[in-house]
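Student: My questions all concern the structure below.
Just so it is clear, none of the values below were taken in a lab; they were calculated from the coordinates. In this text the structure is predicted, and so the values were computed from the model without any measurement. Glycine also receives a Cβ, built like all others from the backbone with ideal geometry; neighbour counts cover every protein chain displayed.
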Amino acid sequence: MNNDWKLRAAESLATTKIQHHHYERAVNDLFNALAVALPGEVVVIVGPSRVGKSRALAEALNLLVGTLERGNESPVIKIDAENAGRNGAFSTKDFMRSACEAIGHPIYGFAGSDDPNGMKLAARIERTSEGMLRSAFEKFVVAKSIQYVCVDESHHIEYIQGGSKNAAKVLDSWKCLAHKTQTVLVLVGSYRLLGLLALAPHLLGRQRPIEFPRYREENPDDLEAFEAILTTLSNQLRLGAERQDLRQWNELLFNWSLGCVGHLALWLRTALGRIASRGLSSLNRETLEQTRLPASQAAQILAETLQGEHDIKASPDREAPEQSPGYPSGPRLTAKQSKTSAKPFRAKPARHKAGGRL
């Protein structure tokens, strides 16, 4: 069986930027927030996992300062906040090592031609104190006229030894770094970042988080936009019968992607891999059901998302929603957790009082 089209479709799903309403709005919000931010200030974007936050930031920065065109002369650096320390913890020294690598520091940023495996560089960094690495990074930020320091996956700092209290100290130290270097600090993370920001004294009241939301079933415009996304993606797939498209499975795809395009694209790529390995000629519902998220994972992601949506919109005195339980048959919101119990893609019939139709 020829799998060429399946591999091409999977590659296209992984690399193609899917234009849709929430993505375009997030890019616009970020562009304007970055444009008006002053040196030393902080811009924050949060949202569910795999919603497209990192890609939206990259596009906003490219529109603002042309990061892609300027290459090594870009006024932007991006650092991933990895929990790559001992026992999977977040390490502030390891973060500064990553920062020096991201900026291309001449001493601590990359291995020389005589160090092909990077062993000399690793030994040099091991001998260097965290304070020295930070000082070297800060000076090079100024020397290179960096304007934006972006920290992706910022919520990973919660894995630092000592928990949230020490994570808040890290956020405060990053704010100090931005002030000292006169750069704009950009934090990208899941909704969990909101709770950490609330614990950081230097950041309280000094940033207004931008939300990149998922598509939600209680919003008819969101359902319409999601159907448009399915139509766009259908053009890259083979679905068997002529004129079929992904909209015929809209409710399945909406519920198990949790309204996030990133989850949807990963799901479809996984399904393409499955039909390639099974020798099938087209995508079908059975394959989609076999490759969807396990219910336990979907429930966990949804619970975190619901809490985050509450935290970013609720007033301080409002009670938090109950944590979502496991969903044995799927990740659907219950009527108590959502504003409406209406099911996605099903019109709600209008009701009229007796004698009111005229």
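Student: In debye to the nearest 20, how big a dipole does the stretch 21-211 give about its Cα centre with +1 on each Lys and Arg Cβ and -1 on each Asp and Glu Cβ?
Tutor: 440
Student: Based on alpha-carbon centroids, what's the gap between the stretch 59-117 and the stretch 209-223 in Å, whole number please?
Tutor: Between the Cα centres of the stretch 59-117 and the stretch 209-223 lies a distance of 33 Å.
Student: Let me ask another. What ³J(HN,Hα) values, in whole Hz, does the Karplus curve 6.51 cos²θ - 1.76 cosθ + 1.60 give for the stretch 267-284 when θ = phi - 60°, with x put for Gly and Pro?
Tutor: After applying 6.51 cos²θ - 1.76 cosθ + 1.60, I find 4, 5, 5, 5, 5, 5, x, 5, 5, 5, 6, 8, x, 7, 8, 8, 7, 9 Hz.
Student: How much FRET efficiency would the formula 1/(1 + (r/R0)^6) give for residue 129 and residue 251, where r is the Cβ-Cβ distance and R0 is 51 Å, rounded to 0.05?
Tutor: With a Förster radius of 51 Å, E is 0.35.
Student: Ok, one more. Sort 65, 51 so that the residue with the fewest other Cβ atoms within 10 Å of its own Cβ comes first and the one with the most comes last.
Tutor: Least to most surrounded, the residues fall as 65, 51.
Student: Now for a separate question. Taking the Cα centre of the stretch 135-235 as origin and charging only Cβ (+1 Lys, Arg; -1 Asp, Glu), how large is the dipole, in debye to the nearest 20?
Tutor: For the stretch 135-235, the charge dipole is close to 900 debye.
Student: With each label point set 7 Å from Cα along the Cα-Cβ vector, what nm distance links residue 24 and residue 244?
Tutor: Placing both labels 7 Å beyond Cα along the Cβ direction yields 3.1 nm.
Student: Turning to a different aspect of this structure: To the nearest 0.05, how large is the calculated FRET efficiency for residue 218 and residue 312 if R₀ is 22 Å and r is the Cβ-Cβ distance?
Tutor: For residue 218 and residue 312, the calculated efficiency is 0.85.
Student: How many nm separate the modelled label positions at residue 285 and residue 8, each set 7 Å beyond the Cα in the direction of the Cβ?
Tutor: Each label point is offset 7 Å from its Cα along the Cβ direction, giving 2.9 nm.
Student: Applying 1/(1 + (r/R0)^6) with R0 = 22 Å to the Cβ-Cβ distance of residue 107 and residue 145, what FRET efficiency is obtained, to the nearest 0.05?
Tutor: Working from the Cβ atoms, E equals 0.70.
Student: Say each of residue 49 and residue 122 gets a label point 7 Å from the Cα, pointing the same way as Cα to Cβ; how far apart are those two points in nm?
Tutor: 2.8
Student: Quick check on the stretch 1-94: take the gyration tensor over C-alpha atoms, sort the square-rooted eigenvalues as a ≥ b ≥ c, and tell me if it's rounded (a/c under 1.5), prolate or oblate.
Tutor: Verdict is oblate for the stretch 1-94.
Student: Hey, another quick one. Taking H as built 1.01 Å from N, whose amide H comes closer than 5 Å to the amide H of residue 214, not counting residues under 5 places away?
Tutor: So residue 214 has HN proximity to no qualifying residue.
Student: Sticking with this structure for a sec: Taking H as built 1.01 Å from N, whose amide H comes closer than 5 Å to the amide H of residue 43, not counting residues under 5 places away?
Tutor: 185, 186, 187
Student: If you don't mind, another one. Applying a 10 Å radius around every beta-carbon, put 40-46, 289-295 in order of their mean neighbour count, most first.
Tutor: 40-46, 289-295
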